Every structure is written in structure tokens, then in C-alpha cells.
1. Here are some residues: 85, 53, 102. Which one is small (Gly, Ala, Ser), within 16 Å of the ligand (Cβ to nearest atom), under 14 Å from the mean Cα position of the chain (by Cα) and closer than 16 Å to residue 4 by Cβ?
2. Taking the condition of being under 16 Å from the mean Cα position of the chain (by Cα), crowded, with 18+ Cβ neighbours inside 10 Å and not in a strand (DSSP E or B), how many residues in region 22-36 meet it?
3. How many residues does region 32-50 contain that are farther than 15 Å from residue 15 by Cβ and more than 11 Å from the ligand (Cβ to nearest atom)?
4. Taking region 37-49 as the region of interest, how many residues are of a type in the set (Ser, Thr, Tyr) and surrounded by 20 or more Cβ atoms within 10 Å (Cβ to Cβ)?
5. Would you please name the residue that is nearest to the ligand (Cβ to nearest atom), looking only at residues in region 61-76 that are under 22 Å from residue 1 (Cβ atoms) and touching a helix residue (DSSP H, G or I) at 6+ places or on another chain (Cβ under 7 Å)?
6. Against the definition (open to solvent by less than 50 Å² (accessible area, probe 1.4 Å) and not in a loop (DSSP other than H, G, I, E, B)), how does residue 102 come out, yes or no?
7. Test residue 19 against the stated conditions and say whether it is in a helix (DSSP H, G or I), open to solvent by less than 70 Å² (accessible area, probe 1.4 Å) and in contact with an Asp or Glu (Cβ under 8 Å, 6 or more places away or on another chain).
8. Here are the criteria: (1) away from the ligand (no atom under 15 Å from the Cβ); (2) surrounded by fewer than 16 Cβ atoms within 10 Å (Cβ to Cβ); (3) at negative phi. Tell me which single one residue 79 does not satisfy.
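The values are calculated or read from the model by the stated rules, or taken from the named source; none is laboratory data. All values derive from a computational prediction rather than experimental measurement. No Cβ is skipped: glycine too gets one built from the backbone with ideal geometry, and neighbour counts run over all protein chains shown. Areas reflect the complete protein model, heavy atoms only, side chains present, ligands, DNA and RNA absent. Shrake-Rupley method; radii C 1.70, N 1.55, O 1.52, S 1.80 Å.
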Amino acid sequence: MKVAISCDHAAFHLKEAIRAHLEERGIPYHDFGIYAADEKRDYPYASFYACQAIQAGECDLGIVMCGTGVGVSMAANKMAGIRAACCSDYFSAKYTRAHNDANVLCMGERVVGAGLAIELADVFLDTPFEGGRHARRIAQIAAIEGGKLAPESIE
Ligand code: RB5
């Protein structure tokens, strides 16, 4: 598993904490920047670079950060095949993998501290997709993306 990480200028320190943690756990990652606290980047680019790597199959999952986590999740979810979840609680970070097969975790440096963010990243990376009935719903998300969601059928 390889993880794409990226951030805007509002989340450099959080990205560095996540990077150090991945390093400590020996999890391969690609750091798409930014690379210094005084560097500036608009958050859509943070999403774009990391999610491009996922689309290309170069990375499997992403952790993308901005001030709130919301901006990067909005931008990431515009990209085909990307299911980004903005999380600040453990339950959501776990079940967005298990049920939504989320491939990008978004977090906000102004929302979560590094300690919690690391817990969220760990549970996100360590939780497998459950498949089964959830796979059908993921296919429905993809159908919306492709502009052809079938009429609803209630079972
Ligand atoms: C940047 O100041 C801030 O707007 C951005 O990091 C993010 O919070 C947007 O959603």
C-alpha cells in the first residue's frame, strides 16, 4: 500500500505530523507537498496532485489536508473515482473505509490536533472495505459520476 499525502499552507504542520507517522510505521508514501511552512498553495491543488496519483494507480489511498478539511474534500470529490471523506471523528474515519470504500481521508489542521489526526489516519489505513451490499452503493456513486444512475428499485 502506498499513500499520497498533500496539503495547502493551512495544514503544513499536520501534513508533517502525518508524514512522520507514516515514516515511523514504515508505510510507503508520496509527499505531494507543500514542503515548507512559508510555502503557499491553494487547496484544490493539494487534492489534485494526490488524487491524480490515485487515479493513475501510483498510490492506493490519500490523506489530504487543509484548514478545515472541507475544501480539499470538495475538490477531491470532483475527480473521477475519488471518494474523499472529511473526518474529525474515529467512527467516521473507520466506516468511511468499511462502508464507503473511501480512498481519500481529508482532515483540517484547524479542526483536529496531530494526536487525533494520527489516530484517524491509522484507522482509515487499517480498515478494509467490507464489500457485499456496500459494493452496490459504491457502484451507484460511480453511476452518478457517469451521469447514468438507474431508477431506484426498492427491494
Ligand atoms: C485557507 O486559508 C483555508 O481556506 C483552507 O485551508 C481550507 O480550510 C478550505 O477549505
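1. Matching residue, one of 85, 53, 102: 85.
2. 2
3. Summing the residues that are farther than 15 Å from residue 15 by Cβ and more than 11 Å from the ligand (Cβ to nearest atom) in region 32-50 gives 1.
4. Here the count works out to 2.
5. Within region 61-76, the match that is nearest to the ligand (Cβ to nearest atom) is 72.
6. no
7. Here the answer is yes, as residue 19 does meet what is asked.
8. (2)
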